[in-house]
Amino acid sequence: MVRYLAILLSVLAGATSAVRAQVSASAKPYQIVIKGGHVIDPKNGINAVMDIAIAPALDMQPLAWGQALSPDQEGRIAMIAENIDPGLAVQVVDAKGLYVVPGLVDIHSHNFWGHDGERQMNGPRGLPPDGFTFRSGVTTVVDAGGSGWRTFPLFREQTIERSQTRVLAMLNIVGEGMRGSRYEQNITDMDPDSTAKVARTHDDLIVGIKLAHFSGHDWTPTDRALAAGRLADIPIMVDFGSAKPYLPLETLFLEKFRPGDIYTHCFGGNSSTSPDGRESIVDVTTNKVKLYVLEAQKRGVVFDVGFGGASFLFAQGTPAIAGGFYPNSISTDIHVESMNNAMKDMPNIMSLFMAMGMPLEAVIAASTWHPAQEINRSELGNLSVGAVADIALFRLVEGDFGFWARDGKIAGRQRLFTEMTLRGGHIVYNLNGRVDPINAKYISN
């Protein structure tokens, strides 16, 4: 009897201890405090060692894979200060020696990877986002034209609503989207009215119109994309195919584009003066950015990297950066081929631009706050108090590194490596276990 009483008392004591621990945890105002990291937040002009406190979400349960976060599941930034008491948080992240930045915003990715039983979309190249975003510090992607007005509902159901990554979309002006060159050459399927109607219906997710890969000396596809953009009041993104002679960029930038319209693959083009293919923004005879390009950027035309598999040239990027012309946004154009080619991921491209001479602070801005503004999502890409806690932690490593593209290679002394990524206040990537405790009980307000 005494033995059983002892066991009962032990169980009761354990239960009491657990209750006390839960009460203690629930009494703490913060789910996470990130301690001692070098915070770079371009929107708010922060570039210093600071702490960040994250308030728990209303529904701070473990994330269910295969389901997008709801607003109730998103923790938010509660405080940024020089010193926040770690005892006020359920979990503490040791960020000493790391850079802490807003979650990266990649506005040129390819994530429409599936089919509907009959139609294979750009599935052979597209990537389910969660497996390739968080390990790179990316928390928001924009699928660049994988779906058109006819196929977007499938993309929304199949990918967007099943991803913890925030997935937005540039809607292809072609109704079938990136189903293949035969479809992308079909001008009759470029319907501005139907495209704008779907964009307005899904304006929570569709942030622009995409023209991609059309080959031929014909402005009709561009004009139809612009018509859809005007009807839906959103920007367009242009990725020219080849043309003989090429379509002049001066006409695109100064006559066709509105402020806010986006030219992706901006450092691609030809490496010679050949009139075939695509025009380049750097004059290959003078090695300087063309004057009308500088004028276009001043009037609000957006220049996006879209590195891709073969859409970047050092012959274009290096003289542009040396001359002080920086891209407005850095993006990957990630797909199965490019991720295993020179591009790899966002930290690699960011490091490449640093190797060309672009300062770290400018690289961070072009990967966070600038692209968020370009897609009219100013609630993203920053660490403001009250903002969703999408955060990336990077280690900047000194060493002997190399970066390459289709026209050569360069050496670099620094490379960024992702240490941790938080999406909506949840730790979704943790390379070296820099959080204590690793597995904490979730709490709610």
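Points worth noting:
- Matching residues in region 399-434 - criterion: being aliphatic (A, V, I, L, M) and under 22 Å from Phe132 (Cα atoms): Ala405, Leu416, Met420, Leu422, Ile427, Val428, Leu431
- Taken over region 317-344, the criterion of being in contact with a strand residue (DSSP E or B) (Cβ under 7 Å, 6 or more places away or on another chain), surrounded by fewer than 24 Cβ atoms within 10 Å (Cβ to Cβ) and not small (Gly, Ala, Ser) is satisfied by Pro319, Phe325, Asn328.
- Residue in region 304-316 that is exposed (fewer than 14 other Cβ atoms within 10 Å of the Cβ), touching a residue at least 12 places away in the same chain (Cβ under 8 Å) and either aliphatic (A, V, I, L, M) or in the same structural domain as Glu250 (by TED's automatic domain parsing) (or both) present: no
- Tally of residues being modelled with pLDDT under 60 and either surrounded by 22 or more Cβ atoms within 10 Å (Cβ to Cβ) or among the polar types (S, T, N, Q) (or both) across region 116-131: 3
- Checked against (1) surrounded by fewer than 21 Cβ atoms within 10 Å (Cβ to Cβ); (2) in contact (Cβ under 8 Å) with a residue 24 or more places away in the chain; (3) among the β-branched types (Val, Ile, Thr), Ile236 passes all but condition (1).
- Considering residues of region 152-180 that are surrounded by fewer than 19 Cβ atoms within 10 Å (Cβ to Cβ) and farther than 18 Å from Thr140 by Cβ only, the residue farthest from the chain's Cα centre (by Cα): Gly180
- Subset of region 288-340 that is modelled with pLDDT of 95 or more and of a type in the set (S, T, N, Q) - its residue that is nearest to Ser242 (Cα to Cα): Gln316
- Subset tally (residues that are over 18 Å from Asp400 (Cβ atoms), touching a residue at least 40 places away in the same chain (Cβ under 8 Å) and assigned to a loop (DSSP other than H, G, I, E, B)) for region 343-377: 5
- Pick from region 206-225, criterion hydrophobic (A, V, I, L, M, F, W, C) and under 17 Å from Gln185 (Cα atoms), ranking: surrounded by the most Cβ atoms within 10 Å (Cβ to Cβ): Ile209
- Counted as qualifying within region 52-115 are the strands (runs of 3 or more DSSP E) with 2 or more residues that are modelled with pLDDT of 95 or more and buried (at least 23 other Cβ atoms within 10 Å of the Cβ), namely 89-94, 99-102, 104-109.
- Residue in region 267-279 that is modelled with pLDDT of 95 or more and surrounded by fewer than 21 Cβ atoms within 10 Å (Cβ to Cβ) present: no
The values are calculated or read from the model by the stated rules, or taken from the named source; none is laboratory data. Note that this is a predicted model, so its numbers are computed, not measured. Reconstructed Cβ throughout: ideal geometry from the backbone, glycine too, with neighbour counts over all protein chains shown.
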